[in-house]
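Here's the structure we're looking at; comments come further down.
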Amino acid sequence: MKRGKRRKKVEGSEMEEPLCCCEYIDRRGEKNHLVACCCDCEELDEGCERWLTCRSLPPGTLDRIADTVLDRFRIPWLKGAIKINITLLPPLVLLPVFLHVAALHFLLALVILTSLPVVVLWYYYLTHRRKGRTLFFLSLGLFSLGYMYYVFLREVVPRGHVGYTQVVILTCGLILMLMALSQAKRDPGYLASQMSNDKSPCQGSNGFPNRKVLGSSSGFHGAAVSGIASCHAKNDDAKGYSTMLAEGLDRAKEDWCTKCQLIRPPRAGHCRLCGICVRRLDHHCVWINSCVGERNHRAFILALSLFLLTSVYGITLTLDTICRGQNMFIALFYCPGTYADYSSALSFTCVWYCAIITAGMGYILLIQLLNISYNVTEREARLALREDTGRRLLGGIVVDTGKYNRGFLYNWGQFLTLGSPTPQHSAEDIV
């Protein structure tokens, strides 16, 4: 009771007094200071005491300790200290260490470069199983780009074999890729769970059942009936209306999202990591920490394509510098004398690291291009395999559902116009 009164008092004062750079509002809603980050640690003290006396911890103690530590992990900032996501830090520390250790000897490079993809995949499946979002992969991708570019400028360019024009081309490719990535990070087409009262679902709006309908025990039924009735209010054929109502209820039942409490439009899906429905959901990409949907799918493909072009160009320039006179593909596997010089060894190790990432991203891009050619999303492909309604093509790397496939040119034309406004029709035109 005292804590509640104290919290109200702090919240009221916060409305009057702005926070300084080292102050913040903690997870309990109370004002705190970075200097006091080690104070008020009863749960941590109790946990250490029980651990020293070999007693078991109460249920949920470790989670509360972790939440407290993460909440206090902040840096000073204008208008209050900002919270730092701890999953951002491992790539910033571990990647340079691993690459520099791998540059010491060929066998160390073999072990580390083989283990890194395994560890990343293990962490991916771990977070995917727990249905949690993480910034680890986004941090790893962005820091890898920056660090590879830094090594290129520091170790490769000073050798004199890379011209100014080539550096400018590589830099422009990197900048364009980051611009496309920023576009891919924007709204993928999130669906609102509430519609305005002056629009009906059949008038081309983004609307959905209002809260009164959703709050009822038969939310989906009420939403479907209200939508169909509003669109066919002028239809005097009772039998035809009943048929349409039955068909509409069946269709609405399939598209009803119990989590968001709305009727999804065709090809939309619910992302369990973001906790929201997305128009034409393809998949949730951990590398951008966002969904890939109707509005950002083109930017996602563009970012992947620019990354592959820039990465291959950078690998070519580096191999041509440290393995003079050799073919690029041969030099990637056999470059004698590389580990005799630490600078060459580090550059060669970074080349292999880039090659591994490029191969993975190239596979993702290949799958995406094939899916676009057959007008199928990753989500639809998984559902088709689960329900045994799709055909595996090209050795099983693509699944054709046959539901939206209208030919190569039509499919690509539809993809290139994703997110563009569609002509709206009135209810009378639809009838």
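The values are calculated or read from the model by the stated rules, or taken from the named source; none is laboratory data. These numbers come from a predicted model, not from an experiment. Methodologically, a virtual Cβ is constructed for each residue, glycine included, from the backbone with ideal geometry; neighbour enumeration extends over all protein chains shown. Heavy atoms of the whole protein, side chains included, go into the accessibility calculation; ligands, DNA and RNA do not. Shrake-Rupley method; radii C 1.70, N 1.55, O 1.52, S 1.80 Å.
Counting only protein heavy atoms and using a 1.4 Å probe, what share of the accessible area of segment 286-431 belongs to carbon plus sulfur, as a whole percent? All intermediate terms of the calculation are to be shown ahead of the outcome.
Working: 4770 of 7680 Å².
So the carbon and sulfur contribution to the accessible surface is 62 percent.
From the protein chains alone at 1.4 Å, what is the descending order of accessible area for W51, W352, largest first?
Sorted descending by solvent-accessible area, the residues read W51, W352.
Rounded to the nearest 0.05, what FRET efficiency do L92 and F329 have when you use their Cβ-Cβ distance and R0 = 30 Å?
Details: r = 32 Å, r/R0 = 1.08.
Using R0 = 30 Å, I get an efficiency of 0.40.
With a 1.4 Å probe and all protein chains left in place, how much of the accessible area of segment 61-133 comes from carbon and sulfur atoms, in whole percent? Mind dumping the intermediate values first?
Values: 3680 of 4990 Å².
About 74 percent, which is the carbon plus sulfur part of the accessible surface.
Identify the residues of segment 56-82 with backbone N under 11 Å of a label point that sits 7 angstrom from the Cα of C20 along the Cα-to-Cβ direction, or state none.
none
Say the dipole of segment 294-431 comes from +1 at the beta carbon of Lys and Arg and -1 at that of Asp and Glu; which of F307, S344, H297 then lies farthest toward its positive end?
S344
For segment 315-324, in order, what is each residue's ³J(HN,Hα) by Karplus, 6.51 cos²θ - 1.76 cosθ + 1.60 with θ = phi - 60°, in whole Hz (x at glycine and Pro)?
4, 4, 4, 5, 5, 5, 8, 8, 10, 4
Using a 1.4 angstrom probe on the protein heavy atoms only, could you order R386, R264 from most to least accessible area? Provide the component values of the computation, followed by the final result.
Working: R386 175, R264 35 Å².
Result, largest first: R386, R264.
From the phi of every residue in segment 70-83, what ³J(HN,Hα) in whole Hz does the Karplus formula 6.51 cos²θ - 1.76 cosθ + 1.60 yield, where θ is phi - 60° and glycine or proline is x?
My calculation for segment 70-83 gives 5, 5, 8, 7, 9, 10, x, 7, 4, 6, x, 5, 9, 7 Hz in order.
When the solvent-accessible surface of protein heavy atoms is calculated with a 1.4 angstrom probe, in what order do F408, F307, F333 fall, highest first? Each step should come with its number before you reach the end.
Numbers: F408 125, F307 35, F333 155 Å².
Descending accessible area places them as F333, F408, F307.
For the pair K83 and Y149, what calculated FRET efficiency results from E = 1/(1 + (r/R0)^6), where r is the Cβ-Cβ distance and R0 = 35 Å, to the nearest 0.05? Walk me through the intermediate numbers first.
Values: r = 28 Å, r/R0 = 0.81.
It comes to 0.80.
Once ligands and nucleic acids are excluded and a 1.4 Å probe is used, how much of L170 is accessible, expressed in Å² to the nearest 10?
20 Å²
Compute the length gained on full extension between C38 and Y164: take 0.36 nm times their separation in residues and subtract their Cα-Cα distance, giving the result in nm to one decimal. Don't skip to the answer; put the middle values down first.
Working: separation 126, 0.36 × 126 = 45.36 nm, distance 5.14 nm.
Contour length minus Cα-Cα distance gives 40.2 nm.
In terms of the Cα gyration tensor, with a ≥ b ≥ c the square roots of its eigenvalues, is segment 83-203 rounded because a/c is under 1.5, prolate because a/b exceeds b/c, or oblate?
Details: a/c = 3.48, a/b = 1.61, b/c = 2.16.
Oblate, since a/c reaches 1.5 and b/c is not below a/b.
Give me the percent relative contact order of segment 47-199, please, defined on Cα pairs under 8 angstrom at least 6 residues apart. Could you put the intermediate results ahead of the total?
Details: 57 pairs, mean separation 23.1, N = 153.
Relative CO of segment 47-199 lands at 15 percent.
What FRET efficiency, computed as 1/(1 + (r/R0)^6) with R0 = 51 Å and r the Cβ-Cβ distance, is obtained for L394 and D67, rounded to the nearest 0.05? Mind showing how you got there, number by number?
On the way: r = 47 Å, r/R0 = 0.92.
The value I calculate is 0.65.
How much length is gained if the chain between V111 and R186 is pulled fully straight, taking 0.36 nm per residue apart and subtracting their Cα-Cα distance, in nm to one decimal? Provide the component values of the computation, followed by the final result.
Details: separation 75, 0.36 × 75 = 27.00 nm, distance 3.77 nm.
Extending this stretch completely gives an extra 23.2 nm.
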